[in-house]
Amino acid sequence: MKTYTFKETNRLLQRARRVIPGGIYGHMSPRYYVPDSDYPLYAVRAEGARFWDPDGNEFIDYMCAYGPMALGYNHPKVDEAALQALKSGDTVTTPSPVMVELAEFLVELVPAADWAVFAKNGNDVTSLSLMVARAATGRDKIVLVEGSYHGAAPWAQRPGRPGTVDGDHSNILYTRWNDYQGLERLVAEHRHDIAGFLSTPYFHPTSADSQLPGEDYWAKVEALCRREGIVLIIDDVRCGFRLDMRGSHEYFGFKPDLVCFSKAIANGYPLSALVGSDSLKSECEKVFATGSFWFSSVPMAAALATLRELQRIDGPRVMQQIGRRLREGMVRIAESHGFDLRVTGVPSMPFVRVAADKGAEVQPELHQRWCGECTKRGVFFASHHNWFLSTAHTDRELERTLDIVDEAFRSLSSG
Ligand code: PMP
């Protein structure tokens, strides 16, 4: 099996570094791809579950643009809806009727939603959710789970990061994932000061195993929030529409007051949504929130087409099934080469790590090498982040992936 080279990627990165800080910033930054000699950094074309880099290398993509791609790149129904909207006018002085249609659709789809507002990125709506919680309660403090990601705004970044100041976090409190007692203590210490508890539906940090909620965790958290008048906010930006079309809280069996969606909502077109309960509707109305491109109709038309298609084919079930088969296949192949492949999280968003032996500690370097060996043969596996499945990952992609996984383990054993 041929291994890829990345001459054009490197040439582009060198050019980019002269005119763009870091060449590529944020979560697509080359510093996350180790060893960097094994990864493409640019894409010139994408189709279905695959993309092609400037060197002509083809990849089966298990990052799905870090989540937005859910139905496959260039999905005909989504692109057709987007194109029609584009022809009618995209960013116009007034919103398109499609905004009303999309809000109606979400309110019908998501039991926790009595209303919806739209923005562009996940961070737009996680930030807005804090404002709504504060406006509704007249309280300042927000509780976050340590190590969770909610966006790049200063309040959401780890304290001490360059460009943030102490004041950015002066009203942020931290608790630990799945630690109900810890949360209860924190609430008791700050009684009547906490506006909201913002959390992902399960814990999916970077560079560490994912953790599902313990039994009763969400039921207890929900009851605590109700009792204490705390707005329960779910950040479903990453998991949304990969676990349950009605929102991931339905998968885990509880009801939040606000839910943040983005990523998969429009199959790659830029859109996010904050949905919420009736009791917060008038508070949301009072909060000033807008953006130059927030009323763009193309992503909204794309979202309607995406959600209808995901619902029609039961997208979350399809992604969970293919994710389960990927996990089983990879674990079996790893074992046959004497390695231990550990998978946490949910099958549609697996977090994968490789250890040298059963029960051995994971050595990040070995895991990175394996991901690199796979990527330079044609399956894009990031080593620091959970992966994403889509409905475009079919048997064909799975078979090819498992062949490459096999070859990558063989090369680790021999090298
Ligand atoms: N919340 C979660 C759980 C996320 O995974 C992300 C993006 N990775 C965000 C919020 C922020 O979304 P965006 O990057 O679109 O602002």
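What the table below lists for this structure:
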item: Cα long-axis angle, helix 297-313 against the chain (0 to 90 degrees, to the nearest 10); result: 70 degrees
item: Between region 162-206 and region 228-251, the alpha-carbon center distance in angstrom; result: 17 Å
item: Values of log10 I(q)/I(0), in the order q = 0.14 Å⁻¹, for region 179-314 under a Debye, Cα-only, solvent-free model; result: -0.75
item: Measure of compaction for region 88-138 (Cα Rg per 2.2 N^0.38 Å); result: 1.35
item: DSSP beta bridge pairing in region 76-313, given as percent antiparallel to the nearest 5; result: 40 percent
item: Where GluC sites (Glu not before Pro) fall in DSSP loop in region 193-276, at most 13 other Cβ within 10 Å; result: Glu215
item: Residue-averaged [θ]222 nm for the chain, counting only DSSP H segments that reach four residues, each worth -39500 (n - 2.57); result: -12000 deg cm²/dmol
item: Relative contact order [Cα under 8 Å, 6+ residues apart], the chain, whole percent; result: 23 percent
item: Gap separating the Cα centres of region 72-102 and region 326-362, nearest whole Å; result: 41 Å
item: Accessible area of the chain belonging to carbon and sulfur atoms, whole % at 1.4 Å probe; result: 50 percent
item: His337 versus Thr93: modelled label distance in nm, points set 7 Å from Cα along the beta carbon direction; result: 6.2 nm
item: For region 215-228, 3J(HN,Hα) per residue [Karplus equation, 6.51 cos²θ - 1.76 cosθ + 1.60, θ = phi - 60°, Hz, x = Gly/Pro]; result: 4, 6, 3, 5, 4, 5, 5, 4, 5, 4, 4, 4, 4, 9
item: Cα Rg over Rh - region 291-406, Kirkwood; result: 1.08
item: Isotropic mean projected area of the C-alpha convex hull, region 76-313 (nm²); result: 13.3 nm²
item: 0 to 90° range, to nearest 10: angle between helix 364-375 axis and the chain longest Cα axis; result: 70 degrees
item: In the chain, lysine pairs closer than 14 Å at Cα, eight or more apart or cross-chain; result: 4
item: Equivalent ellipsoid dimensions for region 7-139 as semi-axes, Å, which come from the Cα gyration tensor, largest first; result: 35, 22, 15
item: Cα-based helix-to-principal-axis angle, 315-336 vs the chain, degrees rounded to 10; result: 40 degrees
item: Debye log10 I(q)/I(0) for the chain, one point scatterer per Cα, at q = 0.07, 0.08 Å⁻¹; result: -0.34, -0.45
item: D (Stokes-Einstein, µm²/s), Kirkwood Cα radius, region 84-185, 0.692 mPa s at 37 °C; result: 197 µm²/s
item: Share, in percent, of DSSP beta bridges within the chain that are antiparallel, nearest 5; result: 60 percent
item: Residue range of the chain that is longest and free of trypsin sites (Lys or Arg not before Pro) which are both DSSP loop and sparsely packed (at most 15 other C-beta within 10 Å); result: 3-175
item: log₁₀ of I(q)/I(0) at q = 0.13, 0.21, 0.30 Å⁻¹ - region 188-244, Debye sum with one point per alpha carbon; result: -0.41, -0.92, -1.24
item: Per residue value of the accessible surface for the chain (all protein chains in place, 1.4 Å probe), Å²; result: 44 Å²
item: Computed over region 1-72, the ratio Rg/Rh where both radii use C-alpha atoms and Rh is Kirkwood; result: 0.96
item: Region 76-313: relative contact order as a whole-number percent, Cα under 8 Å and 6+ apart; result: 33 percent
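The values are calculated or read from the model by the stated rules, or taken from the named source; none is laboratory data. Remember, it's a predicted structure, so these values are computed and weren't measured experimentally. Virtual Cβ from ideal backbone geometry, glycine too; neighbours counted across all protein chains shown. SASA here: full protein model, heavy atoms, side chains in, ligands and nucleic acids out. Shrake-Rupley method; radii C 1.70, N 1.55, O 1.52, S 1.80 Å.
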